[in-house]
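Structure first, commentary second.
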Amino acid sequence: MIAPAPSTAAIPFLDVQGLTDRVRGDLDRCWREVLSHGRFVGGPHVEAFEHRFAEYCEVAGCVGVGNGTDALELILAALGIGPGDEVVVPANTFVATVEAVCAAGARPRFVDVDPGTLEIDPDAVADAVGPRTAAVVAVHMFGQMADVDRLAALTERHGIALVEDAAQAHGARHGGRRAGSVGVAAAFSFYPGKNLGALGDGGAVVSDDAELVARIRQMGDHGRAGSGRYLHEVRGRNSRLDSLQAALLSVKLARLDEDNSRRRSVMQRYRDHLPADCVPLASHPSSEPVHHLAVVRVPDRAAATAALDAAGIGWGLHYPVPCHHQPAFAEFARGPLPVTETAARQILSLPMSPTMTPEQVERVCDVLSRVEPT
Ligand SMILES: Cc1ncc(COP(=O)(O)O)c(C=O)c1O
């Protein structure tokens, strides 16, 4: 018998189509339900999702908002953080973390990351905390939580807020604690590519602090007073979660743990089959990551990406230009952050989706094992 030829079909960086196909039937049902009550913003589907997501994150409360960037900005603003305050952030994050700090009116204070995990470095945070520091944002990068044990001890000692940016870490744990349950509040994004992704923009704040959740709900709903539709108690804005997105997010939440465990299997297969010079990022011993991204360090990124392109394999870079080198945030840069800068030249994100097959993972590894340095 002739062995089947190895598949040469394209492998997407993220299998958006495959993930969407799985919920096509649910989407039809969600649409019918939302159309039947006509509450397109807020309403029973949003309430049900908020309840389920708070429970999932092992916290008391949740409020749906427009996106993850709003979630972060609203947390900072609701904590009273603004002009004159500094907020410590890792330089290795998506720019949204920094945008939120600036939008709240505070100044970002960039710090370096741990060389193994590329998560915010608690020692660097300790050095950066000063009289103006109002908060530290623990960004859980790539699906792994930051070292929240050390960050929580540090922020508690200084009497400042620990805020979690959990946009890339739905369902992750550190020391047994869920992403979103450690800080005073946490921001989540439901951008379609996230581990829990909507079919459009969406976000949420979770917290054990009921007053903070209520304040954020009010700020995201034009500052409306609970007692009156026409009374605006504070200056707010519009940042709310749509019903249809919430209905679908509830469906997807029910399979999040299974999807995260598939991501773990994909990552393990990468570890087993990647060539020795493609090195996945380290995991903290207390961490249970959910592998939002499969980030490796490679010796010759140009050669690796050329080989992946030639084989029809998607890839990404998270992130090639650190935040303190972005023109938009140049005024906040204070000098080199060597770990972040070195990593920015070496990192490569490989395809990662819960729908990836073992054969697809092995094909990516095979292509990388044939890369000739340029
Ligand atoms: C670390 C991080 N923070 C914040 C955000 C912002 O989320 P959104 O795109 O929903 O505004 C993202 C999303 O890309 C992110 O990756």
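Just so you know, all these numbers are worked out from the coordinates, no wet-lab data involved. Nothing here was measured: the structure is a model prediction, and the numbers come from that model. Please note: Cβ atoms are built from the backbone with ideal geometry, for glycine as well, and neighbour counts cover all protein chains shown.
Applying the Kirkwood pairwise sum to the alpha-carbon positions of the chain produces a hydrodynamic radius of 21.4 angstrom. Please tell me the relative contact order of the chain in percent, rounded to the nearest whole number, where contacts are Cα pairs under 8 Å and at least six residues apart. Relative contact order of the chain: 22 percent. The packing ranking, built from the mean of other Cβ atoms within 10 Å per residue, places the peptides 180-187, 265-272 in the order 180-187, 265-272, highest first. Annotation: the antiparallel percentage among DSSP beta bridges lying fully within the range 150-214 is about 65. Using the Karplus relation 6.51 cos²θ - 1.76 cosθ + 1.60 with θ = phi - 60°, the per-residue 3J(HN,Hα) values for the range 112-124 come to 7, 10, 5, x, x, 9, 6, 8, 3, 8, x, 5, 5 Hz, with x marking Gly and Pro.
I'd like the distance between the alpha-carbon centres of the range 276-311 and the range 157-214, rounded to an integer number of Å. After rounding, the separation between the Cα centres reads 25 Å. For the range 101-121 and the range 324-374, compute the distance between their C-alpha centroids and round to whole Å. Their Cα centres are 18 Å away from one another.
Label-to-label distance for residue 132 and residue 372 is 5.4 nm, based on points extended 7 Å past Cα in the beta-carbon direction.
Loop-located trypsin sites (Lys or Arg not before Pro) in the range 333-374 (DSSP state not H, G, I, E or B) with no more than 10 neighbouring Cβ atoms inside 10 Å: 334, 370.
Potential lengthening of the chain between residue 345 and residue 254 amounts to 29.0 nm, from the contour at 0.36 nm per residue minus the alpha-carbon distance. Counting beta carbons within 10 Å around each of 160, 120 and listing the fewest first gives the order 160, 120.
Of the beta bridges in the chain, as assigned by DSSP with both residues counted there, near 60 percent are antiparallel.
In the chain, helical runs assigned H by DSSP with n ≥ 4 each contribute -39500 (n - 2.57); averaged across all residues and rounded to the nearest 500, the mean residue ellipticity at 222 nm is -11500 deg cm²/dmol.
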